[in-house]
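Quick note: the coordinates plus some simple rules give every number you see, no bench work behind them. Please read all numbers here as calculations on a predicted model, not as lab measurements. Every residue, glycine among them, receives a Cβ derived from its backbone with ideal geometry; neighbour counts consider all protein chains shown.
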Amino acid sequence: MDAGSIPAASTFFLYTCFMNGVWIINGIPAAGKTTTSKALAERFAKAAVISRDDLQAQIISGNVWPDGTPQEEANFQIDMNIRNQCALAKSYLEHGFTPICDEVVGKEQLSIYKESLGSLNLFLVTFNPPFETVLKRDQQRSKVSRFNNPTRYRILKEYVLTLSGIGLWVDNSTMTVEETVSHILENKDKCLLD
């Protein structure tokens with residue numbers, strides 16, 4: 001039986017299997033992280049999506065986005081917000097929710113997740129659609145949501161590629177969101193990190 005056809009009565013089984021773990025949905029902007037994270041969350045009895053972008057937006061004074069300056073402060077805030085994601089993830093787990101973190105992750109950031117989450121199971125999914133697909137998706141976003149920075153895209157792509165071969169890698173360019181979620185759940189063993 002594929003994960004897309006799991007009956008509602010079996011939702012508790014999925015919930016139990018993933019209860020002791022944190023999901024990370026990774027990829028460059030417009031790869032499909034947020035949309036898929038929300039759809040994945042709907043497959044669990046209780047789940048929450050923790051977006052690093054949302055945490056970044058909570059900083060009212062002194063906010064430096066990842067592509068902002070000074071770069072040292074931007075890097076500090078990236079690391080801080082990953083640690084904040086981890087703190088929220090642990091809290092959600094303690095209260096019976098499956099946490100799903102939505103972020104652009106490289107090798108250095110993955111080490112922060114591992115350090116902060118300790119012995120908890122960590123599931124990593126990286127979306128890797130062709131660059132042209134990402135640019136097209138970005139143009140379909142509302143103007144305020146567009147990343148619209150091809151140079152930064154290429155930098156982030158290299159950053160994400162530092163995790164090649166780790167977790168589950170998905171080219172979701174020809175898949176619907178539901179097909180992508182089903183593919184993730186069918187390959188959950190590949191998502192689980194050592």
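On full extension of the chain, what length is gained from L192 through I60, given 0.36 nm per residue of separation minus the C-alpha to C-alpha distance?
Working it through step by step, the gained length comes to 44.0 nm.
Subtracting the Cα-Cα distance of N121 and K143 from their residue separation scaled by 0.36 nm leaves 4.2 nm. Using a 7 Å offset from the Cα along the Cα-to-Cβ direction at both E73 and A45, what is the distance between the two label points in nm, to one decimal? That separation, rounded to one decimal, is 4.6 nm. 3J(HN,Hα) along region 151-156: 5, 5, 4, 5, 5, 5 Hz, from the Karplus curve 6.51 cos²θ - 1.76 cosθ + 1.60 with θ = phi - 60°, whole Hz, x for Gly and Pro.
Please compute the contact order of region 3-191 in relative form: average sequence separation of alpha-carbon pairs under 8 Å and at least six residues apart, divided by the residue count, as a percent.
On the way: 275 pairs, mean separation 62.8, N = 189.
For region 3-191, the relative contact order is 33 percent.
A Förster distance of 35 Å, applied to the separation of the beta-carbon atoms of K114 and E179, puts the FRET efficiency at 0.75.
Estimated at 0.36 nm per residue, the fully extended path between D171 and E158 surpasses their Cα-Cα distance by 3.1 nm. Per-residue 3J(HN,Hα) values for region 23-29, derived from phi via the Karplus relation 6.51 cos²θ - 1.76 cosθ + 1.60 with θ = phi - 60°, read 9, 10, 9, 10, x, 6, x Hz in sequence order (x marks Gly and Pro). Near A48, the amide H atoms lying under 5 Å from its own belong to T98, I100; only residues 5 or more places off or on other chains count, and H is placed 1.01 Å from N.
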